[in-house]
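Written out below as structure tokens is the structure these notes cover.
The values are calculated or read from the model by the stated rules, or taken from the named source; none is laboratory data. What you are looking at is a predicted structure, and each value in this text was computed from that prediction instead of being measured. Ideal geometry is used to build each Cβ from the backbone, glycine not excepted, and the neighbour counts take in all protein chains shown.
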Amino acid sequence: MKKFIIVFSGVTTALFSIVTLANEPDFNANPFLEEHATQQQGVRLFSFTKTPIALHESDKSNAAENTDYLRFALETKANGYTLVDTSQIKDIEKVIAEHKYGHELFLRNLKPEIMAAQSIADQTNLSQQFSGDSVGLESILKQHEFTVISSMVGGNFITGSGWDQLTQIVKSDMFGTVIIQVRDFSHNGGVYMDADAVNYYVNSYPAILYVLKDEVDNVYTSLGWATDEQSYQLSLTKNINEVSLAKQFKALIMAM
């Protein structure tokens, strides 16, 4: 089954891609229109501002109809952060608890049924395996002195490869607790990114960065980007644009 991943993180963010990364937004391929209900493999940039969004009925409850995320992206780019109400600053421990609860439900209700339909070889060897590239990520985390608190795989099972989603909770003295989510779409699928919100680059790949900060300096940072085969989402409670962290954070994500 072809996957379309629209990543709305922190508040609302959109990520997308194609085998060859588009240099310009495509204004004629609205992914929510019926006539464009299929998508090529990879990442695609799309301007939701310049082309009206006509949503499938089933998508309306999940789509971001408010455009606060565009303001957050623009202000983060201009000022290094965007000032928000305290209620918009996520409690990272609650976010982690939600991930773990969802994973417990997955393990109990979905995984047994999905794995029962796989070959004996896949059941034996790949029941805990991420289908994408995580070897490099594990090495990078060690180099940056992260401790892995938990690692969870799930999503769709790819025959002969493993699960297409990986969530890791990691911690270091420098960055504190970080949630890392990786989605593999190298086998089948793709990602759309809202071109109007792109305000950052990881290597040559467009990214969307929010640094949300309230009046008493509580912070929640969210960064999302996609390569030709995987999407990445990092969340933490540090302002990664501060001088003391900016260089180290840049080195971390460039290595990823």
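Laid out as a table, the results:
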| item | result |
| --- | --- |
| Which numbered condition SER186 fails, given (1) under 13 Å from the mean Cα position of the chain (by Cα); (2) among the small types (Gly, Ala, Ser); (3) assigned to a loop (DSSP other than H, G, I, E, B) | (1) |
| Segment 87-133, subset hydroxyl-bearing (Ser, Thr, Tyr) and either in contact with a Leu (Cβ under 6 Å, 6 or more places away or on another chain) or exposed (fewer than 11 other Cβ atoms within 10 Å of the Cβ) (or both), residue farthest from LEU166 (Cα to Cα) | SER87 |
| Selected residue (only one of ALA246, ALA195 is farther than 23 Å from ASP68 by Cβ and either at pLDDT below 95 or over 16 Å from the mean Cα position of the chain (by Cα) (or both)) | ALA246 |
| Flag if SER235 is surrounded by 21 or more Cβ atoms within 10 Å (Cβ to Cβ), touching a Gly at 6+ places or on another chain (Cβ under 6 Å) and either at pLDDT 95 or above or charged (D, E, K, R) (or both) | no |
| Which numbered condition ASP173 misses (of (1) surrounded by fewer than 21 Cβ atoms within 10 Å (Cβ to Cβ); (2) within 14 Å of SER231 (Cβ to Cβ); (3) among the acidic types (Asp, Glu)) | (2) |
| Failed item in (1) surrounded by fewer than 17 Cβ atoms within 10 Å (Cβ to Cβ); (2) outside any strand (DSSP E or B), with ASP196 passing the rest | (1) |
| Residues being touching a strand residue (DSSP E or B) at 6+ places or on another chain (Cβ under 6 Å) and not in a strand (DSSP E or B) - total across segment 142-155 | 2 |
| Some residue of segment 240-249 being closer than 16 Å to TYR81 by Cα and touching a Gly at 6+ places or on another chain (Cβ under 7 Å) | yes |
| Scope segment 148-173; condition polar (S, T, N, Q), out of contact with any Gly (no Cβ under 8 Å at 6 or more places or on another chain) and closer than 16 Å to LYS100 by Cα; matching residues | SER150, SER151, GLN168 |
| Criterion (closer than 22 Å to LEU234 by Cα, at pLDDT 95 or above and out of contact with any His (no Cβ under 6 Å at 6 or more places or on another chain)) met by exactly one of LYS100, LYS142 | LYS100 |
